[in-house]
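The values are calculated or read from the model by the stated rules, or taken from the named source; none is laboratory data. Predicted model, so just to flag it, every value in this text is computed and none were measured. Here Cβ is always computed from backbone atoms with ideal geometry, including for glycine, and neighbour counts include all displayed protein chains. Heads up: the accessible areas ignore ligands, DNA and RNA and are worked out on the full protein's heavy atoms, side chains in. Shrake-Rupley method; radii C 1.70, N 1.55, O 1.52, S 1.80 Å.
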Amino acid sequence: MNDRVTIAMDAGVADVRLTRADKMNALDEAMFEALVDVGERLKSEPGLRAVVLSGEGRAFCAGLDMRSFGRMAEGPRVGAKASVEDLTRRTHGIANRAQYAVWVWREIPVPVIAAVHGVAFGGGFQLALGADIRLVAPDARLAVLEIKWGLVPDMAGTRLMWRLAREDVIRELTYTGRIFSGEEAVAMGLATRLSADPHAEALALAREIAGKNPEAIRAAKRLLNAAPACGDAAGLLEETREQLRLIGSPNQVEAVMANIQKRAPAFVDR
């Protein structure tokens, strides 16, 4: 998309890579723009079945670019004040642009797998939270690091963390900014599982998901995205509606026949 993020498409799998390796893929204006642009493109990408999100070089994403913190320290100039006030504007649905760089991965209609190595600090950690699944290296280092800079997590992190880990754990990490390992992230529920090679394993998992009924996968993501916000009655009804749309559809029939005939299914994207 630009010199910050690349996409490689293969058999329905989008391999999305942050490519600012010399800065450990830190988030600057161009990176925010690229993440939003890539996410928007993938929301309507024909034939898309799964996404892998990773960083090149030594890190997944080191968080906000140091120059951004430097500008914050310059004080309440007129331009800086206007910029801060602009954060309250909902420029992308329910979010501002920085939040949407994370939230857009939830809106992509297929599963997104984050492959985390090196560091995922602050905004980088929140970016990983936007994925459906997080595969992390055992020695990866992660942190809700905003408090180090006198700030709070504001890239959707407070909306996403509470769905994954205990409240007291989230509060401790947010209040202290302490760095924790990939192993600890899995134990706390903030990562899915450990991997010695997160990118390779994420691609393998994405290909496995891409081999399932794509309409069922998209329906499952819709249901799981909606679950935290809807009551039991509405959630149960929506389960039924999604299932009725799937039963007897060509791809669902193909899944049944492939199992009966003991062969690989041949699904069609519609």
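Kindly indicate the residue of the stretch 68-83 that is loosely packed, with under 11 Cβ neighbours inside 10 Å and either in a helix (DSSP H, G or I) or on the phi > 0 side of the Ramachandran plot (or both) and also modelled with the highest pLDDT among those meeting that condition.
It comes out as Gly75.
Looking only at the stretch 201-237, count how many residues are among the small types (Gly, Ala, Ser), in contact (Cβ under 8 Å) with a residue 40 or more places away in the chain and either touching a helix residue (DSSP H, G or I) at 6+ places or on another chain (Cβ under 7 Å) or in a helix (DSSP H, G or I) (or both).
3
Does Trp162 satisfy the condition of being in contact with a strand residue (DSSP E or B) (Cβ under 9 Å, 6 or more places away or on another chain), farther than 21 Å from Arg58 by Cα, surrounded by fewer than 17 Cβ atoms within 10 Å (Cβ to Cβ) and not charged (D, E, K, R)?
Answer is no for this residue.
Please find, among Ala229, Ala185, Ala220, Ala202, the residue that is among the small types (Gly, Ala, Ser), open to solvent by less than 70 Å² (accessible area, probe 1.4 Å), more than 17 Å from Ala115 (Cα to Cα) and under 20 Å from the mean Cα position of the chain (by Cα).
Only one candidate passes the filter, namely Ala220.
State the number of residues belonging to the stretch 188-199 that are open to solvent by 40 Å² or more (accessible area, probe 1.4 Å) and assigned to a loop (DSSP other than H, G, I, E, B).
Count: 3.
Got a sec? Which of Thr192, Thr240 is without any contact (Cβ under 8 Å) to a residue 40 or more places away in the chain and hydroxyl-bearing (Ser, Thr, Tyr)?
Thr240
I'd like the residue in the stretch 87-100 that is in a loop (DSSP other than H, G, I, E, B) and of a type in the set (A, V, I, L, M) and, out of all such residues, is farthest from Arg193 (Cα to Cα).
In this case the residue turns out to be Leu87.
For the stretch 172-222, enumerate the residues that are β-branched (Val, Ile, Thr) and closer than 27 Å to Gly57 by Cβ.
Those that are β-branched (Val, Ile, Thr) and closer than 27 Å to Gly57 by Cβ: Ile179, Val186, Thr192, Ile209.
Could you please find all residues in the stretch 40-61 being within 12 Å of Leu127 (Cα to Cα) and either touching a Ser or Thr at 6+ places or on another chain (Cβ under 7 Å) or buried (at least 24 other Cβ atoms within 10 Å of the Cβ) (or both)?
Leu53, Gly55, Phe60, Cys61
Taking into account only those residues within the stretch 1-39 that are open to solvent by 30 Å² or more (accessible area, probe 1.4 Å) and in a loop (DSSP other than H, G, I, E, B), which is modelled with the lowest pLDDT?
Met1
Filter the stretch 148-159 for residues that are open to solvent by 70 Å² or more (accessible area, probe 1.4 Å) and not in a helix (DSSP H, G or I) and give the result.
Scanning the stretch 148-159 gives Val152, Asp154.
Restricted to the stretch 101-125, and to residues that are outside any loop (DSSP other than H, G, I, E, B) and open to solvent by 10 Å² or more (accessible area, probe 1.4 Å), which residue is farthest from Gly57 (Cα to Cα)?
Glu107
Being at pLDDT 95 or above and exposed (fewer than 14 other Cβ atoms within 10 Å of the Cβ): is that true of Arg245 here?
Taking the combined requirement at face value, the residue satisfies it.
Out of curiosity, is Ala128 among the aliphatic types (A, V, I, L, M), assigned to a strand (DSSP E or B), touching a residue at least 40 places away in the same chain (Cβ under 8 Å) and crowded, with 23+ Cβ neighbours inside 10 Å?
Against the criterion (among the aliphatic types (A, V, I, L, M), assigned to a strand (DSSP E or B), touching a residue at least 40 places away in the same chain (Cβ under 8 Å) and crowded, with 23+ Cβ neighbours inside 10 Å), Ala128 does not qualify.
Working only within the stretch 157-189, note down all residues that are farther than 12 Å from Leu145 by Cα and of a type in the set (Asp, Glu).
Glu167, Asp168, Glu183, Glu184 - these are the residues of the stretch 157-189 that are farther than 12 Å from Leu145 by Cα and of a type in the set (Asp, Glu).
Hey, among Ile170, Ile179, which residue is open to solvent by less than 40 Å² (accessible area, probe 1.4 Å) and not charged (D, E, K, R)?
One residue alone meets the criteria, Ile170.
Do we have Ser181 as hydroxyl-bearing (Ser, Thr, Tyr) and in contact (Cβ under 8 Å) with a residue 60 or more places away in the chain here?
Criteria not met by Ser181.
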